[in-house]
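Novice: Here's a structure for you.
The values are calculated or read from the model by the stated rules, or taken from the named source; none is laboratory data. Quick caveat, the model's predicted, so the values are computed rather than measured. Quick reminder, even Gly has a Cβ in these numbers, built from the backbone with ideal geometry, and neighbours come from all protein chains shown. Calculation scope for accessible area: heavy atoms of the full protein, side chains included, ligands and nucleic acids excluded. Shrake-Rupley method; radii C 1.70, N 1.55, O 1.52, S 1.80 Å.
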Amino acid sequence: LRERRPLEALTPARLETGDAAMSDRRKRRPLPVAVLLSGTGRTLKNINDRVAAGRLDVEVRLVIASTPKATGVRFAGGAPSRVIERRDFSSDEAFSNEVFAACRGAGAELVVLAGWLKLLVIPDDFRNRVVNIHPALIPSFCGKGYFGHHVHQSAIDYGVKLSGCTVHFVDNQYDHGPVILQKAVPVETDDTADTLAARVFEAECEAYPEALQLIAEGRVAVERRRVR
């Protein structure tokens with residue numbers, strides 16, 4: 001990822017503001033991405049809204065749904081969309097091969113999981129080029145079976161005082177890859193899974209575009225499990 005910009009871009013002196021930042025943004029080539037989803041597409045809508053507002057330098061080249069019931073494809077806009085179902089393939093590897101072949105064909109340099117609920121086998125050329133957001137502070141309340149309200153109810157039942165969201169690179173295990181950034185939110189004493197989910201989603205709407213913009217600017221480097 002860091003070859004998109006030199007590592008020196010990480011230094012505070014390169015963090016531009018005001019007119020200079022806007023000028024640099026106009027000149028920067030948007031990062032081409034594929035978005036994978038399994039549900040309502042709220043995360044894709046948030047990405048599109050940030051792009052339209054000039055606050056996120058990505059271009060959605062392709063939207064893939066894991067089921068024809070995924071209503072989120074309606075937010076594909078001008079990008080092509082297709083459905084690839086796991087049940088049509090004999091193995092996770094064969095399913096993943098089809099998904100990533102489609103991403104390559106669209107010219108995507110980054111794959112963005114946006115409520116995608118199927119395990120992917122990451123090919124070598126997409127190592128550290130697949131990102132996900134999880135609605136908890138990894139490594140808490142994550143892994144197989146921890147999705148949607150199951151995550152938030154587990155946090156409430158455990159009695160934690162903080163939850164939040166985690167943007168991370170994806171490897172071949174659920175919710176296991178290197179953490180890019182996290183945002184925390186309080187867990188109130190009268191929270192339900194619904195109220196906590198709403199608060200965490202507000203944090204997700206800030207965290208995911210922030211992480212994607214860092215990647216688009218070439219300001220992210222991965223060293224083993226450490227993301228700088």
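Novice: For the chain, what relative contact order do you get, as a whole percent, if you take Cα pairs closer than 8 Å and at least 6 residues apart?
Specialist: On the way: 416 pairs, mean separation 48.4, N = 228.
Answer for the chain is 21 percent.
Novice: 222 nm [θ] for the chain, helices only, -39500 (n - 2.57) per DSSP H run of 4+, per residue, to 500? All intermediate terms of the calculation are to be shown ahead of the outcome.
Specialist: Details: 5 runs with 69 residues, N = 228.
That comes out to -9500 deg cm²/dmol.
Novice: Using modelled amide H (1.01 Å from N, peptide plane; none on Pro or chain starts), what sits under 5 Å from the amide H of V187, excluding residues fewer than 5 places away?
Specialist: Counting only residues 5 or more places away or on other chains, the set is L162, S163.
Novice: Please compute the per residue accessible area over the chain with all protein chains in place, 1.4 Å probe, rounded to a whole number of Å².
Specialist: Details: 11680 Å² over 228 residues.
Each residue of the chain exposes 51 Å² on average to a 1.4 Å probe.
Novice: In the chain, what percentage of the DSSP-assigned beta bridges are antiparallel, given to the nearest 5?
Specialist: Values: 13 of 29 bridges.
Antiparallel: roughly 45 percent of the beta bridges in the chain.
Novice: Can you pull the one-decimal nm distance between simple spin-label points at F89 and D157, each 7 Å off the Cα toward Cβ?
Specialist: 3.2 nm
Novice: Per-residue HN-Hα couplings for region 130-135, Karplus 6.51 cos²θ - 1.76 cosθ + 1.60 at θ = phi - 60°, whole Hz, x for Gly and Pro?
Specialist: 10, 10, 9, 10, 10, x
Novice: Do you know the relative contact order of region 117-228, to the nearest whole percent, from alpha carbon pairs under 8 angstrom that are 6+ apart?
Specialist: 27 percent
Novice: Using unit Cβ charges (K, R positive; D, E negative) and no other charged atoms, how large, in debye to the nearest 20, is the dipole of the chain about its Cα centre? Display every interim value, and only then the final one.
Specialist: On the way: 32 positive and 29 negative charges, 122 e Å.
With only Lys, Arg, Asp and Glu charged at Cβ, the dipole is about 580 debye.
Novice: Here's something else I'd like to know. Provide the per-residue ³J(HN,Hα) series for region 156-162, in order, calculated from phi with Karplus coefficients 6.51, -1.76, 1.60 and θ = phi - 60°, each as a whole number of Hz, with x at glycine and proline positions.
Specialist: Couplings: 5, 4, 6, x, 5, 9, 10 Hz.
Novice: Packing-wise, with mean Cβ within 10 Å as the measure, how do 43-51, 149-157, 189-197 rank, highest first? Don't skip to the end; give the middle numbers.
Specialist: Details: 43-51: 19.8, 149-157: 18.1, 189-197: 14.1.
Ranked by mean Cβ neighbours within 10 Å, highest first: 43-51, 149-157, 189-197.
Novice: Cα centroid distance between region 55-83 and region 119-153, in Å?
Specialist: A separation of 19 Å, based on Cα centres.
Novice: Let me ask something additional. Want the number for F201 to A52: 0.36 nm per residue separation, take away the alpha-carbon distance, what's left?
Specialist: Numbers: separation 149, 0.36 × 149 = 53.64 nm, distance 2.01 nm.
Here the answer is 51.6 nm.
Novice: Of the peptides 205-214, 87-96, how do they stack up when ordered by the mean number of other Cβ atoms within 10 Å, highest first? Don't skip to the answer; put the middle values down first.
Specialist: Details: 205-214: 20.0, 87-96: 12.9.
Per-residue mean Cβ counts within 10 Å order the peptides as 205-214, 87-96.
Novice: Ignoring ligands, DNA and RNA, please state the percent of accessible area on the chain from carbon and sulfur, probe 1.4 Å. Mind showing how you got there, number by number?
Specialist: Working: 5780 of 11680 Å².
The C+S portion of the solvent-accessible surface of the chain is 49 percent.
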